[in-house]
Amino acid sequence: QVQLVESGGGLVQAGGSLRLSCAASGRTTSRYAMGWFRQAPGKEREFVGAISKSGGSTYYADSVKGRFTISRDNAKNTVDLQMNWVKPEDTAVYFCAARWGWGAFDPTDFDSWGQGTQVTVSS
């Protein structure tokens, strides 16, 4: 498995931007597809977006499409989530996760998880 640590969370006003980063150690991230998920209080963990192991393919939830962008740097073993035009409903703990393969984006398809970083969007 790979160890994942998220950073970059915080408080941001609606309409603003925030960039989250996920640093991997243990095994190189280039072996894994990477995903971002979020979980708001009282809600289930939901898929935000994912990027293939090469970075050539991305996939996003409809709720963030056009506002959020995932990128990766395999040389640095990092995966970033650029959040633009944030909304109060984006408030959640954000998690990065790693999985073998590509094509399914349920939390149960991912094998390794970070501990999460809190994002709070004020209105």
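The values are calculated or read from the model by the stated rules, or taken from the named source; none is laboratory data. In this text, all values refer to a predicted model and were calculated from it rather than measured experimentally. Ideal geometry is used to build each Cβ from the backbone, glycine not excepted, and the neighbour counts take in all protein chains shown. To get the accessible areas, we keep the full protein, side chains included, count just its heavy atoms, and leave off ligands, DNA and RNA. Shrake-Rupley method; radii C 1.70, N 1.55, O 1.52, S 1.80 Å.
The table for this structure:
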{"item": "Under 25 Å from the Cα of Lys87 - lysines, other chains or at least 8 residues apart", "result": "Lys43, Lys65"}
{"item": "Charge dipole magnitude, Cβ of K and R +1, D and E -1 - the chain, Cα centre, debye nearest 20", "result": "280 debye"}
{"item": "Per residue accessible area of region 43-123, 1.4 Å probe, in Å²", "result": "52 Å²"}
{"item": "In region 60-123, trypsin sites (Lys or Arg not before Pro) in a DSSP loop with at most 13 other beta-carbon atoms within 10 Å", "result": "Lys65, Lys76"}
{"item": "Pairwise FRET efficiency - Thr108 versus Ser30, Cβ, R0 = 25 Å, nearest 0.05", "result": "0.60"}
{"item": "Set of aspartates and glutamates with alpha-carbon distance to Lys76 below 18 Å, sequence-local pairs under 8 removed", "result": "Glu6"}
{"item": "Share of carbon and sulfur in the accessible heavy-atom surface of the chain [1.4 Å probe, %]", "result": "48 percent"}
{"item": "Backbone N under 19 Å from the Gln3 label point (7 Å along Cα→Cβ), restricted to region 16-52", "result": "21-32"}
